[in-house]
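A short worksheet on the structure shown next.
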Amino acid sequence: MIHQRPNDLLEIYLEGQYYYLVVMTKIVLFGGNIVFGFHSDGEQKSPKFLLSQAHPNGFNCCVDLLYAKKHGEVKRVASITSIEKYWLTKFAKSPIYFGSNLERTWGWKIYSIKDLKNIKKIRIFLFGEHKQAMDYSCCGFLFYIQLVERKYLLGQSMFLNEN
């Protein structure tokens, strides 16, 4: 079984479809890696093609790759020298609820993930660059597939189809 490392470009073949992602971090948040997930159509792509894109289409999220490793084929197809262009955000968001039971409203807690050993809450509401924060959660690989297929983008809700 492959042990993914930061800077790996992984090709995952599962149920007749190919998925590609760049591993951005070691295992963090609840047992997953922060990755850059490429939007794809399920067809096999060459690593050269994927890495040559100046502004690749995709998103950052934290994903647990265990399901893919157990039920699919996971291959390291390249090791990338610089992954900076794949970091679309250095912020994460999680929902927060305010008020009494009668008048509840919700907002977002924003966390800085620039230093993954010291994740800090920095604000409560979404402003400017924080609107593109990734969700502060770890998703399973099957949910990750849904995000790829619907061409999820940062700034959208992971849990609502906003296309």
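The values are calculated or read from the model by the stated rules, or taken from the named source; none is laboratory data. Please read these numbers as outputs of a predicted model, since none were measured by experiment. Reconstructed Cβ throughout: ideal geometry from the backbone, glycine too, with neighbour counts over all protein chains shown. Just so you know, the surface numbers come from the protein's heavy atoms only, side chains and all, with ligands and any DNA or RNA stripped out. Shrake-Rupley method; radii C 1.70, N 1.55, O 1.52, S 1.80 Å.
For segment 27-61, filtering for residues that are open to solvent by 70 Å² or more (accessible area, probe 1.4 Å), in contact (Cβ under 8 Å) with a residue 40 or more places away in the chain and in a strand (DSSP E or B) leaves 0.
Of the residues making up segment 96-111, those that are open to solvent by 90 Å² or more (accessible area, probe 1.4 Å) and either modelled with pLDDT of 75 or more or assigned to a strand (DSSP E or B) (or both) are Tyr97, Trp106. In the condition set (1) in contact (Cβ under 8 Å) with a residue 60 or more places away in the chain; (2) of a type outside the set (Asp, Glu); (3) surrounded by 14 or more Cβ atoms within 10 Å (Cβ to Cβ), Val23 is compliant with all but (1).
Considering Lys93, Lys114, the condition of being in contact with a helix residue (DSSP H, G or I) (Cβ under 8 Å, 6 or more places away or on another chain) and modelled with pLDDT under 85 is satisfied by Lys93 alone. Considering only residues in segment 68-84 that are part of a helix (DSSP H, G or I) and open to solvent by less than 80 Å² (accessible area, probe 1.4 Å), the one that is farthest from Asp135 (Cα to Cα) turns out to be Lys69.
Cβ-Cβ contacts under 6 Å between residues 6 or more apart (or on different chains), taken from a first residue in segment 65-86 that is more than 18 Å from His55 (Cβ to Cβ) to a second residue that is open to solvent by 50 Å² or more (accessible area, probe 1.4 Å), are listed as Lys69/Met1; Gly72/Tyr13; Glu73/Tyr13.
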